[in-house]
1. Quick check on THR36: is it open to solvent by less than 40 Å² (accessible area, probe 1.4 Å), part of a helix (DSSP H, G or I) and among the polar types (S, T, N, Q)?
2. Could you please find all residues in segment 9-31 being open to solvent by less than 80 Å² (accessible area, probe 1.4 Å), outside any loop (DSSP other than H, G, I, E, B) and either of a type outside the set (A, V, I, L, M) or over 21 Å from ALA63 (Cα atoms) (or both)?
3. Step by step: first the residues of segment 116-142, then only those that are touching a residue at least 24 places away in the same chain (Cβ under 8 Å), touching a helix residue (DSSP H, G or I) at 6+ places or on another chain (Cβ under 6 Å) and not hydrophobic (A, V, I, L, M, F, W, C), then the one that is surrounded by the fewest Cβ atoms within 10 Å (Cβ to Cβ). Which residue is that?
4. Tell me which residues, restricted to segment 1-18, are over 21 Å from the mean Cα position of the chain (by Cα) and of a type in the set (A, V, I, L, M, F, W, C).
5. Would you call LEU58 out of contact with any Phe, Trp or Tyr (no Cβ under 7 Å at 6 or more places or on another chain) and crowded, with 16+ Cβ neighbours inside 10 Å?
6. ARG53 fails exactly one of the following numbered conditions: (1) closer than 19 Å to ARG91 by Cα; (2) open to solvent by 50 Å² or more (accessible area, probe 1.4 Å); (3) of a type outside the set (A, V, I, L, M, F, W, C). What is the number of that condition?
7. Scan ALA122, ALA76 and give me the residue that is more than 12 Å from the chain's Cα centre (by Cα), among the small types (Gly, Ala, Ser) and modelled with pLDDT of 95 or more.
Amino acid sequence: NRLLRRLMSVAPGERVPRHRLIRNLIESGAFEKAETEIRIFNKDFGPDGPVHRYRVNLMVARATRTPGILEEDRIAILEQAQELAVTGTERYPNNKSMLSAYVELGITYYKKTGGFQFYDDAMEKMKAAEERNGDPEISKIILKYERRMANHLQEPMEELEPD
């Protein structure tokens, strides 16, 4: 992350080091720092597909990895992430990564609630992008997620923890 920050100071107009820093912060659980970097990025560069996806990923990470919050709060955060994901898929309808983030959110939501609505909507958007683009990579992504969801259907749903 230090190296990425140095790159950003040397080449402040480059987006890629900022993207990687945000991703690293989310993966390491530094949610507040990631949120700050996203705000700075949006102020400096405006809306951007990867950063919009990182906002969705940040909310999913908060919902799943923040210790000590109620299960209802986790579900509420996932529902807010879904609104953000829908906005992202409308703004960037052919972005495979944005669509994949939405499907991941749908799988996470299913694991928490048993509800298929987010997953179904995300897969519908993914299949529409496949038809529009004819991209074989999207077909592979769809197959991967269908298999993952089939595996989750064979496992028992996560128990809601009583608080």
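The values are calculated or read from the model by the stated rules, or taken from the named source; none is laboratory data. What you are looking at is a predicted structure, and each value in this text was computed from that prediction instead of being measured. Ideal geometry is used to build each Cβ from the backbone, glycine not excepted, and the neighbour counts take in all protein chains shown. With ligands, DNA and RNA removed, areas are computed over all heavy atoms of the protein, side chains included. Shrake-Rupley method; radii C 1.70, N 1.55, O 1.52, S 1.80 Å.
1. Numbers: open to solvent by less than 40 Å² (accessible area, probe 1.4 Å): no; part of a helix (DSSP H, G or I): yes; among the polar types (S, T, N, Q): yes.
No.
2. Within segment 9-31, VAL16, PRO17, ARG18, HIS19, ASN24, PHE31 qualify.
3. The residue in question is LYS125.
4. Once the filter is applied, which keeps residues that are over 21 Å from the mean Cα position of the chain (by Cα) and of a type in the set (A, V, I, L, M, F, W, C), segment 1-18 yields LEU3, LEU4, LEU7, MET8, VAL10, ALA11.
5. On the way: out of contact with any Phe, Trp or Tyr (no Cβ under 7 Å at 6 or more places or on another chain): no; crowded, with 16+ Cβ neighbours inside 10 Å: yes.
No; evaluated as a whole, the condition is false for this residue.
6. That leaves (2) as the condition not met.
7. Numbers: ALA122 fails: more than 12 Å from the chain's Cα centre (by Cα).
Being more than 12 Å from the chain's Cα centre (by Cα), among the small types (Gly, Ala, Ser) and modelled with pLDDT of 95 or more holds for just one of ALA122, ALA76, which is ALA76.
Every residue, every condition in (1) under 22 Å from GLU104 (Cα atoms); (2) in contact with an Asp or Glu (Cβ under 9 Å, 6 or more places away or on another chain), yes or no:
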position	(1), (2)
ASN1	no, no
ILE22	yes, yes
GLU37	no, no
ILE40	no, no
PRO50	yes, no
ILE77	yes, no
LEU84	yes, no
